[in-house]
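Here, each number is a calculation from the coordinates, and none is a lab measurement. Being a predicted model, the structure only gives us computed values, none of them experimental. Reconstructed Cβ throughout: ideal geometry from the backbone, glycine too, with neighbour counts over all protein chains shown.
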Amino acid sequence: MGKIVAIPDWASPALQGLCFWLGSQHTLGLAANISEGAIAWELMRLVFTHRLPDRHLEAEVFYRHIPEFLASGVANDSRERADLAIAKKARMDRGTSYATGDVEAVIEVKHSRSRKDLIWQDIDYLGERRSKSPAVRAFLIYASINERPEDFTNIDGSAITPRYQVTPSGTKYRVRRVCRATKIIPSKNKNATGHYAILIEVAPPHSKAANDA
């Protein structure tokens with residue numbers, strides 16, 4: 001079995017930009033009011049900036065509008081939505097489905113204030129979709145303001161080891177990239193405090209090269 005595929009080109013710059021944005025909100029005293037929706041929209045802006053030029057982004061996409069997921073068991077009347085979808089082609093309108101093969105990735109966004117069971121629930125849901133629809137990559141981006149996310153990082157703030165982890169329900173996921181912004185110099189930041197954006201991939205596909213960090 002080869003190494004897992006590289007993370008998307010947009011991932012590192014978008015996540016680092018999100019860290020800086022989280023830090024700016026914290027400095028301005030606005031962090032307590034940041035919702036997951038606000039984080040998702042800022043992330044969408046950053047992914048749009050750093051995406052490949054022929055990629056299309058859309059927020060709040062029904063999973064049933066992605067043919068690979070519909071075929072994998074998502075009900076025709078399902079109201080479940082991806083926070084963000086990245087596609088090779090734009091669809092005609094929000095009421096129609098994408099063509100098979102158009103969507104290359106879906107992203108869910110979670111705030112560190114979210115209940116832990118909701119985070120595992122999102123990863124489990126993505127895992128179920130991935131197990132039946134391996135052509136579409138599935139990511140969860142976890143944002144944390146002024147605290148180290150202990151479930152996904154080591155004590156020094158680096159990606160948790162081993163990188164492969166499982167949810168309480170047994171879904172396998174991998175911490176692909178950890179980005180952080182902090183005003184504390186490293187020698188004094190004993191608790192690795194900072195503003196974090198973490199890229200988690202559910203059941204990442206394999207290839208000859210990987211670029212986790």
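Note on Glu104 and Ser187: their simple-model spin labels are 4.4 nm apart, each label 7 Å out from Cα toward Cβ.
Here the Karplus curve 6.51 cos²θ - 1.76 cosθ + 1.60, taken at θ = phi - 60°, turns the phi angles of region 54-71 into couplings of 9, 9, 10, 10, 8, 9, 6, 9, 4, 4, 5, 8, 9, x, 4, 7, 4, 5 Hz, with x standing for Gly and Pro.
Of all beta bridges that DSSP places with both ends in region 3-207, some 80 percent have antiparallel geometry. Summing Lys and Arg as +1 and Asp and Glu as -1 over all other residues whose Cβ lies under 13 Å from the Cβ of Ile34 gives a net charge of 0. Helices that extend 20 Å or more along their long axis by alpha-carbon positions and average at least -1.0 on the Kyte-Doolittle scale are, among the DSSP H runs of the chain, 11-27, 36-50. Going Cα to Cα from Lys116, which aspartates and glutamates come in below 15 Å? Please leave out same-chain ones fewer than 8 positions away. Cross-link targets: Glu36, Glu108, Asp124, Glu150, Asp151. Distance between the modelled labels on Ser158 and Ser78, one decimal in nanometres: 3.8 nm (7 Å Cα→Cβ projection). Pairs exceeding a 32 Å alpha-carbon distance, out of Lys110/Lys188; Lys3/Lys89; Lys132/Lys190: Lys132/Lys190. Residues whose amide H falls under 5 Å from that of Asn146, counting only those 5 or more places apart or on a different chain, are Gly194, His195, Tyr196, with hydrogens built in the peptide plane. A cut-off under 14 angstrom between Cβ atoms defines the neighbours of Ala90, and their net charge, with Lys, Arg +1 and Asp, Glu -1, is +1.
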